[in-house]
1. Per q in 0.17, 0.23 Å⁻¹, report the Debye log10 I(q)/I(0) for the range 1-90, using one uniform scatterer on each alpha carbon and no solvent.
2. Taking a cut-off of 25 Å, what percent of all Cα-Cα pairs in the range 23-155 are separated by more than that?
3. Per the Kirkwood formula on distinct C-alpha pairs, the Rh of the chain is how many angstrom?
4. Name the long-range amide H neighbours of residue 286: under 5 Å, sequence gap of 5 or more, or other chain; modelled H, no Pro or chain starts.
5. Could you tally the net charge around residue 223, taking each other residue with its Cβ under 11 Å from the Cβ of residue 223, Lys/Arg +1 and Asp/Glu -1?
6. I need the phi-derived Karplus couplings for the range 156-167: 6.51 cos²θ - 1.76 cosθ + 1.60, θ = phi - 60°, integer Hz, Gly and Pro marked x.
7. For the chain, give me the percentage of DSSP beta bridges that are antiparallel, rounded to the nearest 5 percent.
8. With viscosity set to 1.567 mPa s at 4 °C, what whole-number translational diffusion coefficient in µm²/s follows for the range 158-316 from Stokes-Einstein and a Kirkwood radius over Cα pairs?
Amino acid sequence: MKLGLVCISELLREKSPELKFKTMTRTQFLKKDREESIQELSRRISHNLTVTIETIKHCKEIGIKHYRISCKLFPLITDPTLKLDLSLFPYFNVIEQKLIEIGRTAKELNISVSVHPDQFVVLGSESDDICANSIRELNFHAWVLDMMRMPQDFTCPINIHPSLSNFSSAENFVKKFILNFFQCDIGVRNRLVLENEDKGFWNCSNLYEYFHLFMKAAYTFHIPLTLDNLHDECNPSYDVEGKVIPYQKHYMKFYQTWPVPPVFHWSEGINGTLKHADKLTIPPPDMGLDCTYEIEVKKKDKGFIQFLSKNSVVSI
């Protein structure tokens with residue numbers, strides 16, 4: 001079992017305060033001359049890639065074996081209104097080389113990676129504009145992973161939520177999802193996985209029912225499923241007797257949807273809410289199977305470093 005860091009290392013930032021990701025808002029971009037803004041955005045992206053390289057090295061140093069790459073490395077790039085072409089940026093050659101270095105560093109240090117685009121990415125939305133933007137966003141993330149020379153398979157997953165929006169029926173949602181799924185680049189299709197939602201229809205049982213059983217029966221393929229324990233606690237599934245289905249059952253079902261050892265999410269809520277705790281008090285369960293848990297706590301690696309020892313897990 002591996003524990004994974006999500007995006008930011010608080011320990012690294014304490015040691016090297018300059019290693020902090022930089023962003024840029026649309027308002028900031030439009031305040032200056034376009035070329036000047038592109039120059040500054042290019043520098044910030046290059047800096048973010050350097051931070052990523054150093055974060056992966058840091059993971060190796062403290063015993064973390066998986067890293068969720070930040071989806072904020074390239075501010076504004078996928079904003080369709082700005083019409084930005086990264087290949088024309090003044091530091092594109094530097095950016096390209098740093099992307100290659102990220103992948104090389106991860107492979108040399110045996111750190112697996114993933115990415116989790118924002119929740120607005122919804123391939124099954126009833127809005128065609130949202131679907132088009134989602135395809136654009138996913139294709140860009142896949143391009144970034146391809147530039148890193150990362151494998152086009154589920155050892156390097158792109159994780160998204162299905163949707164919190166309303167839809168006419170689950171079957172129609174899946175149909176729309178599949179239609180847009182096949183408009184995505186191959187790098188997306190070979191990596192895309194789905195996570196159970198913290199509220200709404202897509203709890204563990206419904207996600208498994210429609211994106212595994214129904215999809216396999218109707219379309220002869222399925223999407224691997226990511227299990228998030230806190231989302232399951234806040235949005236539980238019930239059996240025919242009205243009893244909450246335990247985590248262990250979801251774990252075994254979701255595990256079997258992956259052709260490789262899965263990447264799941266683990267966190268603790270504050271007072272029964274979705275608000276992430278600062279740190280872990282209970283480590284992820286050791287189910288006796290090869291699995292990676294991305295640890296979603298506010299203090300990042302500071303919040304779970306005490307559980308990095310192989311002897312710090314619990315069995316259930």
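The values are calculated or read from the model by the stated rules, or taken from the named source; none is laboratory data. Here the structure is a predicted model, which is why all the values come from computation and not from measurement. Neighbour counts are summed over all protein chains in view; Cβ atoms, including those assigned to glycine, are modelled from backbone coordinates with ideal geometry. Calculation scope for accessible area: heavy atoms of the full protein, side chains included, ligands and nucleic acids excluded. Shrake-Rupley method; radii C 1.70, N 1.55, O 1.52, S 1.80 Å.
1. Per q value, in the given order, log10 I(q)/I(0) is -0.75, -1.08.
2. Numbers: 2679 of 8778 pairs.
It works out to 31 percent of all Cα pairs.
3. Working: mean 1/r = 0.0489 Å⁻¹.
Here the Kirkwood hydrodynamic radius works out to 20.4 Å.
4. It is 314, 315, 316, by chain and number.
5. Details: positive: 189, 191, 216; negative: 195.
Around residue 223, the charge tally is +2.
6. Taking θ as phi minus 60°, the curve returns 9, x, 9, 9, 9, 8, x, 3, 10, 7, 7, 8 Hz for the range 156-167.
7. Numbers: 2 of 25 bridges.
In the chain, DSSP labels about 10 percent of beta bridges as antiparallel.
8. Values: Rh = 16.7 Å.
The estimated diffusion coefficient comes to 78 µm²/s.
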